[in-house]
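The structure appears below as structure tokens.
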Amino acid sequence: MNIGDRIGQTQWYHTIDLGKFGVTAGVYDHREYLPFYGLPSELEGWRVLDVGAGHGFFSFHFEEMGADVTAINPRDWREEDCVPSRTAEWAVENATPNDDGLLLAKRVLKSNVSYRRMSIYDITPARLGLFEMTFCGSLLCHLMNPLMALGRIRAVTTKVAIVATIVLDEPNTERRPFCLFTGLHNRSANTFWIPNHIAFQEMLIAAGFSKVNHVASFTLRSRKIPGEGGHHAVMHAYV
Ligand SMILES: C[S@@+](CC[C@H](N)C(=O)[O-])C[C@H]1O[C@@H](n2cnc3c(N)ncnc32)[C@H](O)[C@@H]1O
């Protein structure tokens, strides 16, 4: 199959401009949400780790900003957390390998992003080295052990981690650190925890960061499935 056909047949998560091959029909278009992440104005010379990179929108963006980027993502559903009683359902939903799109886009863009098939739980300085900036977008809610995962991020970060996740948007839960467990009744078989803003901040401190700033909140909206996406908060966590 030629590249154009492969691009056309890929179920894109990210909307990525592939130049002469056009713009991918992503479920999400993060281009309009970029300002909410409060990214540094340039990343020249920084090592940046993109954790749970999906199809690589952010990795390619960081590379354009001058960073030396490593992207990690598990190869397929077997290495992702899912509700044990819904494994069969999760397997059917995720029959295609996760990284087909990233590898295809990387080839078309002639990108030097270094891609590793790996879970966030397996990140260590010995395996990947250290990074001035670590980015983790829309992944924490899909993890059974988000606190352990944040500890892994802390261990490889030397300046700042930029972490975005779905948060509770209910004013009456805002006074205490609070996480909603969504493992049983959620439509998707792989969401577990939704913190409120305070819990999200405190989890980053508990994982070993010394200062955490809440940078922005926004509602990510799917371009394909009405109601999909979720209210996100973005935190900058400093070493
Ligand atoms: C909702 S997508 C977010 C993609 C991208 N980070 C963003 O912000 O748009 C979650 C990504 O995390 C990956 N993922 C799931 N479990 C993971 C794990 N244990 N370690 C690393 N990545 C994981 C999924 O395969 C998927 O690519």
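Considering only DSSP beta bridges whose two residues both sit in the chain, what percent are antiparallel, to the nearest 5?
For the chain, the DSSP antiparallel bridge percentage is about 50.
Tally Lys and Arg at +1 and Asp and Glu at -1 over the other residues with C-beta under 11 Å from the C-beta of SER222: what net charge comes out?
Cβ neighbours under 11 Å give a net charge of +1.
Amide H to amide H, which residues 5 or more places from THR10 or on other chains are under 5 Å from it, using H placed in the peptide plane?
Close amide H contacts, sequence-distant or interchain: none at all.
Counting only heavy atoms of the protein chains, get the accessible area per residue of the chain (1.4 Å probe) and round it to a whole Å² value.
It amounts to 48 Å² per residue over the chain.
Round to a whole number: what % of the accessible area of the stretch 1-79 belongs to carbon and sulfur, probe 1.4 Å?
48
Can you give the relative contact order of the chain as a percent, counting alpha carbon pairs under 8 Å and 6+ residues apart?
That works out to 19 percent.
Take every Cα pair under 8 Å in the stretch 1-100 that's 6+ residues apart, average their separations, divide by the length, and report that relative contact order as a whole percent.
Here the relative contact order equals 20 percent.
Going Cα to Cα from LYS211, which aspartates and glutamates come in below 12 Å? Please leave out same-chain ones fewer than 8 positions away.
GLU202
Name the residue farthest towards the positive end of the dipole of the chain from the options ALA155, LEU168, LEU18, assuming +1 on Cβ of Lys and Arg, -1 on Cβ of Asp and Glu, about the Cα centre.
ALA155
The values are calculated or read from the model by the stated rules, or taken from the named source; none is laboratory data. Here the structure is a predicted model, which means the values were calculated and not measured. Reconstructed Cβ throughout: ideal geometry from the backbone, glycine too, with neighbour counts over all protein chains shown. The area values use the complete protein model at the heavy-atom level, side chains included, leaving out ligands, DNA and RNA. Shrake-Rupley method; radii C 1.70, N 1.55, O 1.52, S 1.80 Å.
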